[in-house]
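A.B. asks: The structure follows.
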Amino acid sequence: MPRPDVPAPALPRTEDARSEVAADIEVTDRELLLGLTGPNGGRLALIERLCGVHAGLRGQTVHLQGRDEDVWLAQRAISELIDVLRSGTALSERDVESSVRILREHPEVKLADVFAPLSVTAATGKQIAPRGIAQRFYVQAIQSHDLVFGVGPAGTGKTYLAMAMAVAALNAQRVKRIVLTRPAVEAGERLGFLPGSMTEKVDPYLRPLYDALHDMLPAQRVYGLIERGTIEIAPLAFMRGRTLHDCVVILDEAQNTTIGQMRMFLTRLGERSKAIVTGDVTQVDLPYGARSGLADAVDLLRGVEGISICTFSSADVVRHPLVQRIVEAYDARDAGIDAHGPDDGGGRGDPRSARGPRGRG
């Protein structure tokens, strides 16, 4: 694909940030131009609003006008977003929004590094890539550490990227197996009383992992890998006494582990293995009074060499924009309740401690 004529942001910086300047960016590749501007110019309008500039499209040229610092930000965002598109990564309006925020808050960061595709492709052929700086740090942590905690609200890509990294490691033959596990707290861990085979018993509890797996591998290959034991589905209650070698093991919904279960799980790690632990400490389904093993482990192991703790916030949500607003609304209410203690009628104290069952968002 020919490289479009996209000049690097090199606007003269003035002492008066209110001075009006203009800049033109010519994009000769029609596909890149469409990917940048979006249907009906929606992404270009978003850049215009987020950067506080006037942006217009004249043929193959994006024209920017506004204050010096705002035009400089918009010009850099457009130039770097084109580099991201050239790498084969598709962009959504939410990606554009997070890109502008990243460049404003972390000017030293290159968007091409943030959105660099992983070495795994979805079953649909779509390139899988981080969707923001928190996800990029998470991926880098998994690459460089044998134990990684991904902690944060729903919709931040913790489980999906963990699965992508596990599949990439399996495809590259860096590991021999993938082990998927999570606590079945809703069944009181007494799976033997549930009808059906072991797979049928744990399927409802591991569905998010299955969904991510099927998004990355054809269905027939998934079934074949599970049948051969290359991908193993193991409820957490059945992990005791094992040592896991040559594998990537993912513990999902880890906020529902007890302190004892988390300790048991973390000591299963064998040679040439990685463990990825994901969860949201604000959604705990343990009996009232029992502290979450995830919250306890994060507090205890922070700063331990070889362990990385990656924290996500509502700003990192990559689902429907409403999910971010919902998470922020709950966080704001929780912060107000916690500030007054558990006796203000909310029935809550430390969000890291377990409470009674709560509904999922």
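A.B. asks: So Gly293 fits all but one of (1) under 20 Å from Ala154 (Cβ atoms); (2) in contact (Cβ under 8 Å) with a residue 60 or more places away in the chain; what number is the exception?
C.D. replies: (2)
A.B. asks: Restricting attention to segment 49-65, report how many residues are part of a strand (DSSP E or B) and in contact with a strand residue (DSSP E or B) (Cβ under 6 Å, 6 or more places away or on another chain).
C.D. replies: Residues in segment 49-65 being part of a strand (DSSP E or B) and in contact with a strand residue (DSSP E or B) (Cβ under 6 Å, 6 or more places away or on another chain): 8 in total.
A.B. asks: Follow-up. Give the residues of segment 121-172 that are among the hydrophobic types (A, V, I, L, M, F, W, C), open to solvent by 20 Å² or more (accessible area, probe 1.4 Å) and modelled with pLDDT under 90, sorted by residue number.
C.D. replies: Answer for segment 121-172, where residues must be among the hydrophobic types (A, V, I, L, M, F, W, C), open to solvent by 20 Å² or more (accessible area, probe 1.4 Å) and modelled with pLDDT under 90: Ala123, Ala154.
A.B. asks: For segment 266-283: of the residues being open to solvent by 10 Å² or more (accessible area, probe 1.4 Å) and touching a residue at least 60 places away in the same chain (Cβ under 8 Å), which is nearest to His145 (Cα to Cα)?
C.D. replies: Lys274
A.B. asks: I'd like to verify a number: residues in segment 147-173 that are within 14 Å of Ser119 (Cβ to Cβ), part of a loop (DSSP other than H, G, I, E, B) and touching a residue at least 40 places away in the same chain (Cβ under 8 Å), how many?
C.D. replies: The qualifying residues number 1.
A.B. asks: With respect to the numbered conditions (1) touching an Asp or Glu at 6+ places or on another chain (Cβ under 7 Å); (2) part of a loop (DSSP other than H, G, I, E, B), which one is the sole condition not fulfilled by Arg240?
C.D. replies: Of (1) touching an Asp or Glu at 6+ places or on another chain (Cβ under 7 Å); (2) part of a loop (DSSP other than H, G, I, E, B), only one is false for Arg240: (1).
A.B. asks: Would you mind stating whether Leu286 is more than 24 Å from the chain's Cα centre (by Cα) and hydrophobic (A, V, I, L, M, F, W, C)?
C.D. replies: In short, yes.
A.B. asks: So, Ile25, is that one within 32 Å of the chain's Cα centre (by Cα) and in a strand (DSSP E or B) or not?
C.D. replies: For Ile25, the condition - within 32 Å of the chain's Cα centre (by Cα) and in a strand (DSSP E or B) - is met.
A.B. asks: Which of the residues that make up segment 321-336 are within 28 Å of Ser99 (Cα to Cα) and touching a residue at least 40 places away in the same chain (Cβ under 8 Å)?
C.D. replies: Pro321, Val323, Gln324, Val327, Tyr330, Asp331, listed by residue number.
A.B. asks: So in segment 102-120, with the set limited to residues that are part of a helix (DSSP H, G or I) and open to solvent by less than 70 Å² (accessible area, probe 1.4 Å), which one is nearest to Ala168 (Cα to Cα)?
C.D. replies: So, considering only residues that are part of a helix (DSSP H, G or I) and open to solvent by less than 70 Å² (accessible area, probe 1.4 Å), the one nearest to Ala168 (Cα to Cα) is Val114.
A.B. asks: Which residue out of Leu36, Leu85 is within 30 Å of Gln127 (Cβ to Cβ), under 27 Å from the mean Cα position of the chain (by Cα) and open to solvent by 10 Å² or more (accessible area, probe 1.4 Å)?
C.D. replies: Leu85
A.B. asks: Given the conditions (1) closer than 30 Å to Ile307 by Cβ; (2) assigned to a loop (DSSP other than H, G, I, E, B), which single one is not true for Thr124?
C.D. replies: Just one mismatch for Thr124, condition (1).
A.B. asks: Keeping to segment 284-298, report how many residues are open to solvent by 10 Å² or more (accessible area, probe 1.4 Å) and within 18 Å of Thr267 (Cβ to Cβ).
C.D. replies: Of the residues in segment 284-298, 2 are open to solvent by 10 Å² or more (accessible area, probe 1.4 Å) and within 18 Å of Thr267 (Cβ to Cβ).
The values are calculated or read from the model by the stated rules, or taken from the named source; none is laboratory data. Keep in mind that what you see is a predicted model, and the values were worked out from it rather than measured. Ideal geometry is used to build each Cβ from the backbone, glycine not excepted, and the neighbour counts take in all protein chains shown. SASA here: full protein model, heavy atoms, side chains in, ligands and nucleic acids out. Shrake-Rupley method; radii C 1.70, N 1.55, O 1.52, S 1.80 Å.
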